[in-house]
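No value in this document is a laboratory result; all are computed from the given coordinates. Note that this is a predicted model, so its numbers are computed, not measured. Here the Cβ positions follow ideal geometry from the backbone for every residue, glycine too, while neighbour counts run over all protein chains shown.
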Amino acid sequence: MRLVLIISLLLLSFPNSAQDFSSDTTIARIQKLSSQKDKAAAFNLASASAWINGNLKESLEYSERGLKIARALKYKSIESKLHNNRGITYDYLSQYPSALKHFFAGLSIQEKLDDPKTKADILGNIGLIYMNQELESKSLSYHKRALKIRQEINDQHGISASLNNIAIIYTRQEKHQKAINNYMKCIEMDAKANDSIGLGDNYNNIALAYMDLKEFDIALDYLDKALAIRKSVNNIGAMAITYSNFGEVHYRLGDFDKAREYFNISIELGSSVNDRECLKFVYYWLTKNEEKAGDSISAFRYYKLYITYRDSIDNSSIARKQTELELNYEFNKEKEVSRLREKEKDRQHKIIIIAISSGLILILLFSILFFRKWKQTQAQQDIIEEKNKLVQQKNDEIMASISYAKRIQKAILPSKSTLQEVFPNHFVLYLPKDIVSGDFYWLDETDDLLFLAVADCTGHGVPGALMSVVCHNALNRSVREYGHTSPAEILNKTRDIVITELTQQEDAVADGMDISLCVFDKKSNKLHWSGANNPLWILRNATKSIEVWKANKQPIGNHRNPLPFTNHTIELSENDCVFLFSDGYQDQFGGPKEKKMMRKGFKDALLESNVLPISEQSSFMLTKFRNWQADLEQVDDLCVIGIQIGSSRH
């Protein structure tokens, strides 16, 4: 963000080529200016142009000359910007203390000026310095201050830059959901600004965040969007990076053939633009991919290519390092002279040395006492560390068990291909609150009928997941073992099975599930439905309004006064949409007042999404949910399924 702004200013003020900014030529041109203020401003632009083009020594010379003039004139606005330029140059030289010295000098001046944009730029640059030093908490504080100012002055590009930097910090802190929320905001801003490049970058970044969360399906969806945009603007280098990310996701999924296919496309594109960083990255992952695939010969060949590109990148930085060494030598020369003078004085003050030696002896005596105390403390810490290891071991065992439970639960859910085969026009939004979920969806089929349900079992996490297995098996038995086809009969029998299973335990269990169950007639557009606490919503294509079918107010499980479930037969029309859902979406806290979304908010979101193709509604509903949730914790498991009715169901 900083780079784009300064380049724009330079193009307006200095329309000639970059060669006009050679040191002697630039200084001579500036000295010909009649106004001292113009000279200070020109040195500011020349300094910025120099560091943009990698001429760091010249940048420091121009900013030093400009500062002398600006200080003499008390030209505070330019003085602040010159300090900012020197800070950026020292940042490139990795001389962070010097960079901070000038950034804070510029910031101190800005506190007395009415230039919020420059102040925000300096705050952001300070945040980048702390980020480079891996001081994430300090960096986050300054980026948030910069963001607040940019929001107050409606600096859209600046807001996007701050949100991106904050997202990077959240990623380092493994606060992936917060990073995703920031990227979502950037995507919305880029879309409004028709910023295709920014939109592609943010879709790519959010995909990587979901990859870190191991939500690979969502990561692939966002990579598809990033690739489509980058293709539309013919950004070959960015396309190469996206294909490499596709490869990494498929590698993590264990699909080594698919990963290899994407990596090879990335190599072809990256080679065409000589993107050595991208090629180094791809050959690194191809080495790992072929190792996992069992092709050690190819793995070794790719490893050699990785080493070749890595070394070529290192060699390309030699000139930069030489410049840094030269500058460091010049900057430290005067300090070295002072050090030698001090050393000569030290030789003339032996009495001071003797006093220091005496002090060291005293320090040594105290150190012995402290060492004994430290040994005692260390022994106690060893005991604590051993206990911590035992706790960690138990935690690892518990997490392994939960991960295994997740695989079991995933196995009982219908696959994407199965759902696509029986319902070509549908979407599924399934977001467990924890690793495993108390929500599940169920699919079965006979010659003439399709059975589809969304269920919400008592609790979430491991207890909810265990309950979901019991209820899933009960539904299967009701249809396959007992032969029921009416949704009300299925729910009645499922309730009997669940109560029997739960009452076999010594302690009475009041758990159960809420469910919305549909039975689709393949030979007609008739739908048979019954529900336990959970309703059915139908968005009628003719009226563009949602029709609500109320469920029986009783769960599948123990209930004070159980009654038979009610069966409903509903006529469907072409392009009507049937929605089955748990209560996780509408019960989420969020929004400006941090209140529940409620059914009205959920219904409005479904109506708003209906203008999109059914295949895009899941992403839309997820974005709506995340924007509402913001930084708040997800309160419950979430499952929403939408089915669009076609002209024929044969």
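Within the stretch 583-617, which GluC sites (Glu not before Pro) sit in a loop by DSSP and count at most 16 neighbouring Cβ atoms inside 10 Å?
Sparse-neighbourhood loop GluC sites (Glu not before Pro): Glu594.
Provide Rg over Rh for the stretch 414-644; use the alpha carbon set for both Rg and the Kirkwood Rh (inverse mean inverse pair distance).
0.95
For the stretch 592-602, in order, what is each residue's ³J(HN,Hα) by Karplus, 6.51 cos²θ - 1.76 cosθ + 1.60 with θ = phi - 60°, in whole Hz (x at glycine and Pro)?
x, 9, 6, 10, 5, 5, 6, 5, 4, x, 5
Restricting to Cα pairs below 8 Å that are 6+ residues apart, what does the relative contact order work out to for the stretch 414-644? Please round to a whole percent.
Result for the stretch 414-644 is 24 percent.
Per residue of the stretch 209-220, in order, report the coupling 6.51 cos²θ - 1.76 cosθ + 1.60 (Karplus, θ = phi - 60°) as ³J(HN,Hα) in whole Hz, putting x for Gly and Pro.
Working through the residues one at a time gives 5, 5, 5, 4, 7, 6, 8, 5, 4, 5, 4, 5 Hz.
Nothing charged except the Cβ atoms of Lys and Arg (+1) and of Asp and Glu (-1): what's the magnitude of the dipole of the stretch 414-644 about its Cα centre? Round to the nearest 20 debye.
Roughly 660 debye, rounded to the nearest 20.
Using each residue's phi in the stretch 527-539, evaluate 6.51 cos²θ - 1.76 cosθ + 1.60 at θ = phi - 60° and report the 3J(HN,Hα) Karplus result to the nearest Hz, with x for Gly and Pro.
Result, ordered by residue: 10, 9, 9, 8, x, 10, 6, 9, x, 10, 10, 10, 8 Hz.
Hey, rough spin-label estimate for Leu33 and Lys389, points 7 angstrom out along Cα→Cβ, what's it come to in nanometres?
Once both label points are built, they end up 6.7 nm from each other.
Relative to the present Cα-Cα distance, how much length would full extension add between Ser298 and Gln380 at 0.36 nm per residue of separation?
24.4 nm
For the stretch 420-459 and the stretch 90-108, what is the centre-to-centre distance using only Cα atoms, to the nearest Å?
Between the Cα centres of the stretch 420-459 and the stretch 90-108 lies a distance of 57 Å.
List the trypsin sites (Lys or Arg not before Pro) in the stretch 57-114 that DSSP assigns to loop (not H, G, I, E or B) and whose Cβ has at most 14 other Cβ atoms within 10 Å. Which are they?
Answer by residue number: Lys74, Lys112.
Pick out, in residue order, every one of the chymotrypsin sites (Phe, Trp or Tyr not before Pro) in the stretch 420-484 that is DSSP loop and has at most 16 other C-beta atoms within 10 Å; say none if there are none.
Tyr482
Let me check against my output: what whole-number percent is the relative contact order of the stretch 84-234, with C-alpha pairs under 8 Å and at least 6 apart?
13
Would you mind computing, in nm to one decimal, how far apart the modelled labels at Lys410 and Leu135 are, each placed 7 Å from Cα along Cα→Cβ?
Roughly 4.2 nm, to one decimal.
5 Å is the cut-off here: which amide hydrogens, built 1.01 Å from N in the peptide plane, fall below it relative to Asn534, excluding neighbours closer than 5 in sequence?
Placed amide hydrogens put Ile515 under 5 Å from Asn534.
Take the cross-link list Lys39/Lys101; Lys119/Lys593; Lys410/Lys433; Lys553/Lys600 and give me the ones stretching past 22 Å between alpha-carbons.
Lys39/Lys101; Lys119/Lys593
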